[in-house]
Amino acid sequence: MVNLDELSVRGLRAYEVGRMRAALRVCLVLAPAVLLCAFEARTREACVCVGVLLLGLSVWLRWRDRNGFEAVSTGLWAGGIPYALGLVLGRLGVHCGAEELAVYCWGFSGLFGLVAGAIIAARETRQRPRASGIATAAAISILAGTLGCLRLGLASVLAVTLGTVVGAFIRRERRGDANA
Amino acid sequence: MNTADRKVIHDAMVRLSDGDRSQVRELLGALWPILLAFARRGVGHEQDAEDVAQETFLRICSRISDFDRSRDGLSWAFGIAKYEVLTHRRRLRRQSQAVDLPEMALAEDPARSQEADLIAHELELALEGVLGKLQPSDRAALGLESIEARAAPASAAARKRRQRALERLRSLWRRLYGES
């Protein structure tokens with residue numbers, strides 16, 4: 001005769017292991033992204049620091065529940081834009097510390113952040129009309145964007161962060177008005 | 001099973017995949033009788049059916065984070081149960097093949113051949129003991145005293161002596177070791 005209480009405990013254990021396995025799959029995407037950022041000697045320590053933070057937060061959110069799981073997916077999709085473009089600009093030699101390029105650097109970084117924020121707000125409000133989902137996805141997106149923009153300088157990271165927050169807020173408000 | 005029961009199971013699966021850990025117990029309560037009945041039909045043996053149903057439930061818990069909520073939960077669970085039943089049958093088939101192997105191996109078992117050697121050695125010792133109790137004339141008649149006597153062509157008188165010597169040897173053996 002099967003002891004259902006014991007089976008329930010074993011089921012919960014199997015569930016947690018299964019969730020953790022699913023959560024850890026994000027490492028397949030994030031680990032190469034962190035390595036690519038850490039390739040640059042000047043920003044290696046900062047990349048590793050942000051990368052570990054991003055990995056830990058992503059795994060924990062994906063393990064916790066489905067909302068976290070989807071917020072991480074949205075955040076990574078949106079954050080992929082400032083990440084990739086930040087790497088490209090860094091490769092082209094753009095740096096926010098240089099006087100003649102500072103305006104472009106700020107402008108582009110802010111624009112990437114705005115686009116990322118708008119994507120987050122659009123996806124999250126379509127799936128779940130909860131501000132916490134947008135905030136979580138935005139946090140992930142900012143961390144991912146930071147990985148790409150570290151090479152451009154701290155000003156770029158700030159611009160991406162500001163852009164993401166503003167983009168998400170504006171888009172959400174516009175959707176809210178449209179729904180009303 | 002009616003539609004309401006089906007919906008209870010599906011809803012428990014959806015909530016569990018959303019991250020509500022308390023639904024493990026609910027899901028077990030609703031799903032266990034169904035899984036057990038399915039396993040009984042697929043396996044036949046009661047103990048094996050319980051094992052298969054348990055394995056199925058643990059597998060469902062471990063894979064629930066990949067559950068597609070647009071699909072029917074019970075059908076998804078039956079898919080896993082079917083796989084577990086087939087796996088169990090395959091395992092049984094392999095075991096039944098493995099049971100035949102020891103019988104084949106027995107013929108070539110070195111431990112068994114050592115045992116046979118030991119028995120043969122004991123028989124030799126016993127025979128030597130019995131032969132030692134024979135009269136020298138009987139041992140000569142059996143050709144045990146010299147190789148030449150054994151190789152020489154046997155006359156009628158010699159064959160008669162050998163026959164008598166063998167009869168005495170048999171009776172001596174029976175007296176010492178019985179009929180066996």
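The values are calculated or read from the model by the stated rules, or taken from the named source; none is laboratory data. Since the model is a prediction, treat every value here as computed from it, not as a measurement. Every residue, glycine among them, receives a Cβ derived from its backbone with ideal geometry; neighbour counts consider all protein chains shown.
Quick notes on this structure:
- Any hit, region B:11-20, residues being more than 11 Å from chain A (Cβ to nearest Cβ) and surrounded by fewer than 20 Cβ atoms within 10 Å (Cβ to Cβ): yes
- Selection status of residue B:150, over 23 Å from residue B:177 (Cα atoms) and at pLDDT 80 or above: no
- All positions within region B:85-112 that are surrounded by 10 or more Cβ atoms within 10 Å (Cβ to Cβ) and at pLDDT below 65: B:105, B:106, B:109, B:112
- Considering region A:112-124, and only residues there that are over 14 Å from residue A:158 (Cβ atoms) and of a type outside the set (Gly, Ala, Ser), the residue that is surrounded by the fewest Cβ atoms within 10 Å (Cβ to Cβ) turns out to be A:115.
To keep it simple, each residue is scored yes or no on (1) at pLDDT below 90; (2) within 14 Å of chain B (Cβ to nearest Cβ); (3) out of contact with any strand residue (DSSP E or B) (no Cβ under 9 Å at 6 or more places or on another chain).
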{"position": "A:3", "(1), (2), (3)": "yes, yes, yes"}
{"position": "A:6", "(1), (2), (3)": "no, yes, yes"}
{"position": "A:10", "(1), (2), (3)": "no, yes, yes"}
{"position": "A:13", "(1), (2), (3)": "no, yes, yes"}
{"position": "A:18", "(1), (2), (3)": "no, yes, yes"}
{"position": "A:22", "(1), (2), (3)": "no, yes, yes"}
{"position": "A:28", "(1), (2), (3)": "no, no, yes"}
{"position": "A:43", "(1), (2), (3)": "yes, no, yes"}
{"position": "A:48", "(1), (2), (3)": "no, no, yes"}
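- Checklist (1) surrounded by 23 or more Cβ atoms within 10 Å (Cβ to Cβ); (2) more than 14 Å from chain B (Cβ to nearest Cβ); (3) out of contact with any Asp or Glu (no Cβ under 7 Å at 6 or more places or on another chain) applied to residue A:72, failing item: (2)
- Tabulated pairs, region B:53-65, first at the interface with chain A (Cβ under 8 Å from one of its Cβ atoms) and within 16 Å of residue B:30 (Cα to Cα), second part of a helix (DSSP H, G or I) and among the hydroxyl-bearing types (Ser, Thr, Tyr), C-beta under 6 angstrom, 6+ apart or interchain: B:61/A:15; B:64/B:17
- Cβ-Cβ under 8 Å pairs, at least 6 apart or on other chains, region A:23-43 side hydroxyl-bearing (Ser, Thr, Tyr), far side surrounded by 14 or more Cβ atoms within 10 Å (Cβ to Cβ) and part of a helix (DSSP H, G or I): A:43/A:37; A:43/A:150; A:43/A:151
- Residue list for region B:1-50, restricted to those being without any contact (Cβ under 8 Å) to a residue 12 or more places away in the chain, over 28 Å from residue A:64 (Cα atoms) and not in a helix (DSSP H, G or I): B:2, B:44, B:45
- Test for residue A:33: is it under 16 Å from the mean Cα position of the chain (by Cα), within 14 Å of chain B (Cβ to nearest Cβ) and buried (at least 21 other Cβ atoms within 10 Å of the Cβ): no
- The number of residues in region A:81-105 being surrounded by 19 or more Cβ atoms within 10 Å (Cβ to Cβ) and either out of contact with any Ser or Thr (no Cβ under 6 Å at 6 or more places or on another chain) or of a type in the set (Val, Ile, Thr) (or both) comes to 9.
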